[in-house]
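Worksheet for the structure shown next.
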Amino acid sequence: MTPTSIRAASPTRFVIIGNGAAGTYAAEQLRKDDAAAEIVMIDDEKYTLYNRVSLPRYLRGVLLEQRVYVRDMEWHQKLRIELRLETKVTRVNFDEKTITLEPGGELRFDKLLVATGGRPNPLRVPGADGAKYLFNFQYLDETKAMVARLPEAKVAVVMGGSFIGYELTEAFAFRKVETHWIQRGPWFLRRSLDEPGGKIVTLLAQDAGVQLHYEETIERLEQHNGQLKVFGSNGFSAVADLVGVGLGLTMNIDIFKGALATKVGVLTNEFLETNVPDVWAAGDVAEFYDVVSDRHHRMGTWDNALNHGRHVAKNMLGAKQPYVEVPTYASGMFNSNISVMGVTTEEEPEAESLFEVDYDGRNYKRLFFLGDKLVGAILIGKMRGRKKVLELIASRTPIAERAKVFEILAMPEVPARPVAAPEA
């Protein structure tokens, strides 16, 4: 038997770069559908999969650290998924189908999944480099450091009008720390929300005791008696016990540039395939072709990453199924809720929108349209109509009178009829 025929008879080796939700759930699905496959996962962190969605609750002090973990090493061993932690990929040779690891040398792959996610953008101002008690909010180690600091903290400052900025702000306020929320824009999520939506978030934050500082940014930091003195560009100043930063993410695509098609993330088609054969991308890093909105889209949420992982595994095993889920984000917001679905003006500035607002009730709806199709929505407060919005987006139902969508959302939802259990 020749070496070529021996290799052809060997089990397929799937290599996954990334140990987040997309990578881990892809590995789980691969093992479920292919008992003989070799599966190798690589990640530069020291932890098995933990739920980043749980980090805000852990930071608030309402969730124990052990409840943050989703998978342990025993789980990987049971499923025969080789996990190499604290290992960095330094090079990928797509022609030879090899990756170079540090430590670990060279590893061959038959099929490769890029699930590298993104890294938080640091605060780049004088005094920030190496500053103690200055934190991003992406990794478990950072969260553990903030949890250790919070019991002695009296004042916290948060920089950033993103969801990460909001989650930090909510956690600090929940801990009864005097919390200042600094944002460069005139309101929260300025590219997705309009002024009325921004005002609803302002009211919710003020209800929780947060002090807001719009059209402001941190200009410099100074160490001050074990604290950080914060100087703003528009008159703000405070002496803080900790400073949190939520300035968005940069996708981890550096080693793939020049070989894989990239933009903000790694570009894929609707099957999550890249431009290179036998290479796929999933999760936050995947800028995938969204057949629902008819455009490339990137969605940095846990649910999207989980669904990507399970879906891409089937395509890596030979299926040719487009990913057709409507990207969603849902979270508590102070003492309320927020849900973002589909495409907003952040991704598609030309989208047209309608809104409905109730300031006293702290409720807000904004709907986004491209032509006669509903392509996205943001709901704050009462979530009535969320299921119907998802149905309208996914079905691409033509809508002649846009304003009537609000009437549809206000209608009570009909409870599903119970389904009889199948006979044994």
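Observations on the model:
- Strands (runs of 3 or more DSSP E) wholly inside the range 334-410 containing at least 3 residues that are of a type in the set (Val, Ile, Thr): 373-380
- Qualifying residue in the range 15-26 (condition: surrounded by fewer than 20 Cβ atoms within 10 Å (Cβ to Cβ) and not basic (Lys, Arg)): no
- Hey, THR143 modelled with pLDDT of 95 or more, within 22 Å of the chain's Cα centre (by Cα), closer than 16 Å to ILE218 by Cα and assigned to a helix (DSSP H, G or I) or not: no
- Odd one out for GLY265, checked against (1) surrounded by fewer than 21 Cβ atoms within 10 Å (Cβ to Cβ); (2) touching a helix residue (DSSP H, G or I) at 6+ places or on another chain (Cβ under 8 Å); (3) within 25 Å of ARG396 (Cβ to Cβ): (1)
- Selection status of GLU346, charged (D, E, K, R), touching a strand residue (DSSP E or B) at 6+ places or on another chain (Cβ under 8 Å) and surrounded by fewer than 16 Cβ atoms within 10 Å (Cβ to Cβ): no
- Scanning the range 366-393 for residues being over 29 Å from PHE334 (Cα atoms) and not charged (D, E, K, R) gives a total of 2.
- Selection status of ASN315, out of contact with any Ser or Thr (no Cβ under 8 Å at 6 or more places or on another chain) and free of Cβ contacts under 8 Å to residues at least 40 places away in the same chain: no
- Residue count for the range 218-237 under the criterion of being of a type in the set (A, V, I, L, M) and either open to solvent by 40 Å² or more (accessible area, probe 1.4 Å) or within 24 Å of MET333 (Cβ to Cβ) (or both): the result is 1.
- Options ALA377, ALA400: the member that is small (Gly, Ala, Ser) and modelled with pLDDT of 90 or more: ALA377
- Single residue of the range 317-331 satisfying the filter (of a type in the set (A, V, I, L, M) and open to solvent by 60 Å² or more (accessible area, probe 1.4 Å)) that is farthest from GLY23 (Cα to Cα): ALA330
- GLU215 open to solvent by 50 Å² or more (accessible area, probe 1.4 Å) and charged (D, E, K, R): yes
- Number of residues in the range 122-140 that are within 24 Å of GLY265 (Cβ to Cβ) and either open to solvent by 40 Å² or more (accessible area, probe 1.4 Å) or over 18 Å from the mean Cα position of the chain (by Cα) (or both) equals 4.
- Number of the condition not met by LEU113 [criteria: (1) closer than 30 Å to LEU63 by Cβ; (2) in a strand (DSSP E or B); (3) out of contact with any helix residue (DSSP H, G or I) (no Cβ under 8 Å at 6 or more places or on another chain)]: (3)
- Restricting attention to the range 275-316 and to residues that are acidic (Asp, Glu) and in a helix (DSSP H, G or I), the residue that is least open to solvent (accessible area, probe 1.4 Å) turns out to be ASP284.
- Boolean, TYR289 is hydroxyl-bearing (Ser, Thr, Tyr) and in contact with a helix residue (DSSP H, G or I) (Cβ under 6 Å, 6 or more places away or on another chain): no
- Pairs, first touching a residue at least 60 places away in the same chain (Cβ under 8 Å) in the range 72-83, second not in a strand (DSSP E or B), C-beta under 6 Å, six or more apart: LEU83/HIS76
- Residue count, the range 337-356 (criterion: within 24 Å of ALA400 (Cβ to Cβ) and touching a helix residue (DSSP H, G or I) at 6+ places or on another chain (Cβ under 9 Å)): 6
- Considering residues of the range 283-304 that are in contact with a strand residue (DSSP E or B) (Cβ under 7 Å, 6 or more places away or on another chain) and among the small types (Gly, Ala, Ser) only, the residue nearest to LYS263 (Cα to Cα): ALA286
The values are calculated or read from the model by the stated rules, or taken from the named source; none is laboratory data. For clarity, every value in this text was computed on a predicted model and none was experimentally measured. Neighbour counts run over all protein chains shown; Cβ positions are idealised from the backbone, glycine included. Side chains included, ligands, DNA and RNA excluded: accessible areas come from the protein's heavy atoms. Shrake-Rupley method; radii C 1.70, N 1.55, O 1.52, S 1.80 Å.
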